[in-house]
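Here the structure is laid out as C-alpha cells; the discussion comes afterwards.
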Amino acid sequence: MKTSHTQGPWKCNKDHDLQYQVHNDQFIIAHVQVYPDNMQELRPNALLISAAPELLEAATSLMAWFDAGRSIAPTWAEVDNLRAAIAKAMGEA
C-alpha cells in the first residue's frame, strides 16, 4: 500500500513520566504528552498512535474486499492482521 505518511511499523517508548515517543527506526513521529491529571490516558494514546499504520493497512485491505463485492468472507490473514493491529492499539501485543 502506497502512503504519504512515515512508514511503519511505529513503536512507542516512555520518554519520561509525562511523555511517550512514537517512532520508527529512523524518525520520531510524535511526542505524546499529558497533564498530570490525565496520566491514565498517556500510554493508551501513545499505543493507539503507534498502531496507526497497521490499523490503516488492515482497514484498507478489508475495504478493498467489500468494494470488490466479494461474496465470500475475507481471508483469515486479513482478519488476523486486523486483530493484531487492534491488539497493538490496545496494548495487548
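The values are calculated or read from the model by the stated rules, or taken from the named source; none is laboratory data. Predicted model, so just to flag it, every value in this text is computed and none were measured. Cβ placement follows ideal geometry from the backbone for every residue including glycine, while neighbour counts extend to all protein chains displayed. With ligands, DNA and RNA removed, areas are computed over all heavy atoms of the protein, side chains included. Shrake-Rupley method; radii C 1.70, N 1.55, O 1.52, S 1.80 Å.
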Unmet requirement for Gln33, which otherwise passes all of (1) within 26 Å of Lys2 (Cα to Cα); (2) of a type in the set (S, T, N, Q); (3) touching a Leu at 6+ places or on another chain (Cβ under 9 Å)
(1)
Exactly one of Ala68, Ala84 is open to solvent by less than 100 Å² (accessible area, probe 1.4 Å) and closer than 22 Å to Thr6 by Cβ, and that one is Ala84
Segment 30-49 residues that are within 20 Å of Ala93 (Cβ to Cβ) and of a type in the set (Gly, Ala, Ser), paired with ones that are modelled with pLDDT of 85 or more and in a helix (DSSP H, G or I) (beta carbon under 6 Å, 6 or more apart)
Ala30/Ile49
Flag if Trp76 is loosely packed, with under 10 Cβ neighbours inside 10 Å and either over 19 Å from His5 (Cα atoms) or touching a residue at least 60 places away in the same chain (Cβ under 8 Å) (or both)
yes
How many residues of segment 5-60 are open to solvent by less than 100 Å² (accessible area, probe 1.4 Å), hydroxyl-bearing (Ser, Thr, Tyr) and in a loop (DSSP other than H, G, I, E, B)? The answer is 1
Subset of segment 9-18 (residues that are under 22 Å from Ile86 (Cα atoms) and in contact with a strand residue (DSSP E or B) (Cβ under 9 Å, 6 or more places away or on another chain))
Trp10, Lys11, Cys12, Asn13, Lys14
